[in-house]
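Accompanying notes for the structure given below.
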């Protein structure tokens, strides 16, 4: 049997950059879950009391995740 056609997909987490404000103050890289989501509990470890995130989308509009 030739094993060259066997592929294993091992999920890995990614990282996203998160900052305290739009000026980039206190910017850090946070790990996502294996499904690509960023749990609020992860954000809360580095930014206690956070209730959501705001980001600038590719169309230039700001969006909020609460």
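Computed quantities for the displayed model
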| read-out | value |
| --- | --- |
| Flag if residue 28 is under 15 Å from residue 65 (Cα atoms) and modelled with pLDDT of 85 or more | no |
| Leading residue by the ranking (surrounded by the fewest Cβ atoms within 10 Å (Cβ to Cβ)) among those in the stretch 51-64 that are without any contact (Cβ under 8 Å) to a residue 24 or more places away in the chain and in contact with a helix residue (DSSP H, G or I) (Cβ under 9 Å, 6 or more places away or on another chain) | 52 |
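Okay, residues lined up against (1) over 18 Å from residue 66 (Cα atoms); (2) in contact with a helix residue (DSSP H, G or I) (Cβ under 6 Å, 6 or more places away or on another chain); (3) assigned to a loop (DSSP other than H, G, I, E, B); (4) at pLDDT 85 or above:
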| residue | (1), (2), (3), (4) |
| --- | --- |
| 9 | yes, no, yes, no |
| 20 | no, no, yes, no |
| 23 | yes, no, yes, no |
| 37 | no, no, yes, yes |
| 49 | no, no, yes, yes |
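The values are calculated or read from the model by the stated rules, or taken from the named source; none is laboratory data. This one's a predicted model, so the numbers in the text were calculated from it and none came from an experiment. Because the Cβ atoms are built from the backbone with ideal geometry, glycine has one as well, and the counts that use them run over all protein chains shown.
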